[in-house]
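No value in this document is a laboratory result; all are computed from the given coordinates. Just so it is clear, the structure is predicted and the values come from calculations on it, not from any experiment. Here the Cβ positions follow ideal geometry from the backbone for every residue, glycine too, while neighbour counts run over all protein chains shown.
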Amino acid sequence: MSDEQEVITAIKAPVFLKYNFTAGKAATRFLAQIKKGVLTGQRCPKCAAVFVPPRGSCAACGVATEEEVVLADKATVQSFTIVSIPIPNNPIQPPYIIANLVPDGANVSFIHLMSECVNEDIHIGQRVQAVWKPQAEWDYAMANIRYFKPIDEPDVPVDRIGKLPVTGLEG
Ligand SMILES: [Zn+2]
């Protein structure tokens, strides 16, 4: 017998972790509002940028954010991806669109699903609006918004994305 052993360079070791996430102060306020169907951000007292979902501090200035800002559920497409590869355990079948959307009145985007659209027609600067689940299903989750759909409003020029006032709060 040889003393040489085969070198093991990798093993498969699937890991399943179940854990509870403590939202924290800023996210708790955000989630309490979205349970009521209201999208909110927080404004930085130093640079005035509005973050959504709020993290409790400004990523640029490093200062705490306290001022809550009610946002519209209208947004602008900042970037997007057409997903063509199925993701394990994801009930949504490809092809579908995931987009970075900047809600009016905010300066940063969040990621959400697009629907009621022709995938190939989605473009940067396109105006979209949230399609909410029925109110009885609302929970402490962004999933209260089922997806965003295109709306008949003029495109936003690229250099204006993330700089729009809040619209769509009139009803
Ligand atoms: Zn700031």
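Observations
- Chain lengthening between Asn20 and Glu68 when straightened (0.36 nm per residue, less Cα-Cα): 14.7 nm
- Spatial separation of Cα centroids for segment 87-124 and segment 1-31, in angstrom: 28 Å
- When you work out D = kT/(6 pi eta Rh) for segment 101-171 at 25 °C and 0.890 mPa s, using the Kirkwood radius from C-alpha pairs as Rh and the Stokes-Einstein form, the result is 185 µm²/s.
- Sorted by Cβ neighbour density within 10 Å, fewest at the top, the residues Leu39, Leu17: Leu17, Leu39
- Residue order, fewest to most beta carbons within 10 Å, for Ser84, Ser57: Ser84, Ser57
- Using all pairs of distinct alpha-carbon atoms, the Kirkwood hydrodynamic radius of segment 1-89 works out to 17.5 angstrom.
- Sequence-ordered 3J(HN,Hα) estimates for segment 83-93 from the Karplus curve with 6.51, -1.76 and 1.60 and θ = phi - 60° stand at 8, 10, 9, x, 9, x, 6, 8, x, 7, 8 Hz, glycine and proline given as x.
- Packing-based exposure ordering (other Cβ within 10 Å, fewest first) of His112, His123: His123, His112
- For the chain, convex hull volume per residue from C-alpha positions, Å³: 214 Å³
- Compared with the dominant Cα axis of the chain, that is its longest principal axis, helix 25-34 is turned about 70°.
- Model label points for His123 and Lys12, set 7 angstrom from Cα along the Cα-to-Cβ axis, are 4.5 nm apart.
- Stretchable slack from Ala143 to Val38, in nm (0.36 nm times residue separation minus alpha-carbon distance): 36.5 nm
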